[in-house]
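The values are calculated or read from the model by the stated rules, or taken from the named source; none is laboratory data. Treat the numbers as computed from the prediction; the structure is a model and nothing was measured. Note: ideal-geometry Cβ built from the backbone for every residue, glycine included; neighbour counts use all protein chains shown.
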Amino acid sequence: MKASQFFISTLKEAPTDAEVASHKLMMRAGMIKRLGAGIYNYMPMGLRVIRKVEAIIREEMNRAGAVELLMPVVQPAELWQETGRFEAMGPELMRVKDRHGRDFVIQPTSEEVITDIARQELRSYKQLPKNFYHIQTKFRDERRPRFGLMRGREFTMKDAYSFDRDVESGTRSYQAMYDAYCRIFDRMGLQYRAVAADSGAIGGDVSQEFQVIAETGEDAIVYCPTSDFAANIEKAEAVGLIAQRAAATQAMTKTPTPGKSTCADVAELLSLPLAQTVKSLVLATDELNDKGEIVKSVVWLLLLRGDHDLNEVKTSKVEGLKNGFRFATVGEIEDHFGTKPGYLGPIGLKKPVKVIADRTVANMSDFVCGANEADFHLTGVNWGRDLPEPDAVADIRNIVAGDPSPDGKGVLAIQRGIEVGHVFLLGTKYSEPMKATFLDENGKPQPMVMGCYGIGVTRILGAAIEQNHDERGIIWPNGIAPFTVVICPIGYDRSADVKAAADSLYAELMAAGVDVLLDDRGERPGAMLADWELVGVPHRVVLGDRGLKEGHVEYQGRRDTEASKMALAEVAAHLR
Ligand code: ATP
Ligand code: MG
Ligand code: MG
Ligand code: MG
């Protein structure tokens, strides 16, 4: 590729709405262009990276025996009604109507459609196992699209779906995908960790996330450096791994006083100091009917980490629990309210809500706190409005670095991560309701055991940059760089020698199959080199008259602190 023919559009400054390095750098490098909230044009430079990411995924999926097909972006609602997800998915699912008023969805994932294919096409045990995948545009109306491609509303996902005759075979298919994912992320040069996860809205029993380690990640992951234990923090809590702390969640004694409504009252109610030292909050949300009567109450409890002795809370508080109350996990809270604790805001939530941060408690007009008894509720209208968002999810969790690992093999550490992949062993969650059966050896119909496997293709760009950048720009890992090598001639438009040497090196590298770009724009050297440092091309060759006289060029890897002389004749061998 020649720069003069390609499209390059770099910026000195990032737009002000870009908060994290990857978003800023992708905008500055001209890789993406914002069209709307969470919706981006993939510009030529960015698209090259996306295509490389896709190519690696495709190769490894094919190697693992998966078969590519392509399912539509717009899908009839009927299939989604069959599994109940047309309603259950909530506002994240984009629903549209056609001219006849028929409902459709813009796919956020494709379990329904693939299961529909499978129930028509896979009739006999002889056709199993099968694994279908596609790389396709997704739409999720995210509550809070942000960080550029990292949490877009429109994005590209690779999603694969396996169909097996039984759980044993399904487990093998799952493992094959797990292994393929490791190869994929290894080839992309990412530092990641596979962690146990909850299955969330997708469902199923077993699931693991692939988390790219990054400070700016939205997820918190818990692992034990001296053993194999690794889970995302919701999972670590949901399975009650930290027993003594989970027990401490039973934390309510005093009868609430009617009519109270402040955060301080909750702290008082729980005999806990407010502000810095509040570690634990018990909040009840009541579902009210039209007449304002309580239909159902649930106590939500969150513990905030810190120096408070949680065991003390535990021993003193259990009998305050009333009929119908139960404690919920953070994962359940998220499912129920459609938002993670700590990321909530009063706007747009259907149900009365909840909680959290050091000084905590978000509002809600029909928010109720306290016991599930008439006139014994704290009702509030102004609970901590405008609280700043807590900056770390881990801070509001029940698990603290240094806690014993549940496997007893060490202590826990907490890291932040970006979820780039997710594998699920689904079992028959979709095949049962959709009647996707096959005939076994005895001619008896059996539901297929399914797995599903997602990779956030476009999110990978953001994750890779979060891990690989410096003050000058992006440092692409070799496997996914938009170009592997850039040739930067100094004086291409002035010196015949430079032009000849650059052209011939370019031709030689092209012939050798190297993904090379020749910067023939005739830019000033400073601007030219700055562009390619920003874009993050891993290898750079600078040619100038002076060096060429002595037969050498300057080679610099993007991570090298300085350039080194290299004989012109050796460059191709070095970069091939
Ligand atoms: P998250 O927890 O980040 O919202 P998810 O668990 O909802 O992700 P999955 O349903 O597991 O996502 O989808 C598979 C993969 O798709 C994720 O692992 C992630 O890499 C990617 N992905 C999900 N949502 C987005 C998004 N809004 N923008 C970009 N990629 C996404
Ligand atoms: Mg999501
Ligand atoms: Mg997730
Ligand atoms: Mg997921």
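Can you tell me which residue in the stretch 531-563 is surrounded by the fewest Cβ atoms within 10 Å (Cβ to Cβ), limited to those that are under 11 Å from CYS488 (Cβ atoms) and among the aliphatic types (A, V, I, L, M)?
Only one residue fits best here, namely ALA563.
Hey, could you check the stretch 198-213 for residues that are at pLDDT below 95 and more than 16 Å from ligand 2 (Cβ to nearest atom) and say which is farthest from the chain's Cα centre (by Cα)?
Ranking the candidates gives ASP205 first.
Looking only at residues that are at pLDDT 95 or above, in contact with an Asp or Glu (Cβ under 6 Å, 6 or more places away or on another chain) and within 27 Å of GLY462 (Cβ to Cβ) in the stretch 166-197, which one is nearest to ligand 4 (Cβ to nearest atom)?
VAL195
What is the residue count in the stretch 115-167 for residues that are among the aliphatic types (A, V, I, L, M) and in a helix (DSSP H, G or I)?
5
Inside the stretch 402-513, counting only strands (runs of 3 or more DSSP E) that do not spill past its ends, which hold 1 or more residues that are β-branched (Val, Ile, Thr) and closer than 24 Å to ASP198 by Cβ?
In the stretch 402-513, the matching strands (runs of 3 or more DSSP E) lie at 413-427, 449-456.
Kindly provide the set of residues from the stretch 85-140 that are farther than 30 Å from GLU59 by Cβ and within 16 Å of ligand 2 (Cβ to nearest atom), ordered by number.
Matches in the stretch 85-140: ARG85, ALA88, MET89, GLY90, PRO91, GLU92, LEU93, MET94, VAL105.
If you check ARG193 against the conditions, is it of a type outside the set (Gly, Ala, Ser) and in contact with a Pro (Cβ under 9 Å, 6 or more places away or on another chain)?
no
Taking only pairs six or more apart or across chains, which ones have beta-carbon atoms under 6 Å, a first residue in the stretch 420-432 that is at negative phi, and a second residue that is modelled with pLDDT under 95 and within 16 Å of ligand 2 (Cβ to nearest atom)?
The qualifying pairs are PHE424/SER199; PHE424/ILE202; PHE424/GLY204; PHE424/SER207; LEU425/GLY204; LEU426/GLY204; LYS429/GLY203; LYS429/GLY204.
What are the residues in the stretch 88-143 that are small (Gly, Ala, Ser) and over 18 Å from PHE424 (Cβ atoms), if any?
GLY90, GLY101, SER124
Taking the stretch 141-159 on its own, how many of its residues are within 13 Å of ligand 2 (Cβ to nearest atom) and aliphatic (A, V, I, L, M)?
Adding up the residues that qualify gives 2.
Tell me, please, whether a residue that is touching a strand residue (DSSP E or B) at 6+ places or on another chain (Cβ under 7 Å), under 30 Å from ASN478 (Cα atoms) and loosely packed, with under 13 Cβ neighbours inside 10 Å can be found in the stretch 40-50.
Yes, the stretch 40-50 contains at least one residue that is touching a strand residue (DSSP E or B) at 6+ places or on another chain (Cβ under 7 Å), under 30 Å from ASN478 (Cα atoms) and loosely packed, with under 13 Cβ neighbours inside 10 Å.
May I ask you to verify whether ALA231 is part of a helix (DSSP H, G or I), buried (at least 18 other Cβ atoms within 10 Å of the Cβ), more than 11 Å from ligand 1 (Cβ to nearest atom) and not polar (S, T, N, Q)?
For ALA231, the condition - part of a helix (DSSP H, G or I), buried (at least 18 other Cβ atoms within 10 Å of the Cβ), more than 11 Å from ligand 1 (Cβ to nearest atom) and not polar (S, T, N, Q) - is not met.
Filter the stretch 110-148 down to residues that are of a type in the set (Lys, Arg) and more than 11 Å from ligand 1 (Cβ to nearest atom) and give me whichever is nearest to ILE455 (Cα to Cα).
Looking at the filtered set, the residue picked out is LYS130.
So, in the stretch 89-131, how many residues would count as being within 16 Å of ligand 4 (Cβ to nearest atom) and surrounded by fewer than 19 Cβ atoms within 10 Å (Cβ to Cβ)?
Result for the stretch 89-131: 2.
Considering (1) out of contact with any helix residue (DSSP H, G or I) (no Cβ under 7 Å at 6 or more places or on another chain); (2) at pLDDT 95 or above, say which one ALA21 fails and leave the rest.
Tallying (1) out of contact with any helix residue (DSSP H, G or I) (no Cβ under 7 Å at 6 or more places or on another chain); (2) at pLDDT 95 or above, ALA21 fails exactly one: (1).
Filtering the stretch 422-452 down to residues that are within 30 Å of THR216 (Cα to Cα) and touching an Asp or Glu at 6+ places or on another chain (Cβ under 7 Å), which residue is farthest from ligand 3 (Cβ to nearest atom)?
By that ranking, first place goes to LEU425.
Yes/no matrix, rows are residues, columns are (1) free of Cβ contacts under 8 Å to residues at least 40 places away in the same chain; (2) away from ligand 2 (no atom under 16 Å from the Cβ); (3) surrounded by fewer than 23 Cβ atoms within 10 Å (Cβ to Cβ); (4) polar (S, T, N, Q):
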| residue | (1), (2), (3), (4) |
| --- | --- |
| GLU441 | no, yes, yes, no |
| LEU461 | no, yes, no, no |
| ARG472 | no, yes, yes, no |
| ILE475 | no, yes, yes, no |
| ALA481 | no, yes, no, no |
| ASP493 | yes, yes, yes, no |
| ALA496 | yes, yes, yes, no |
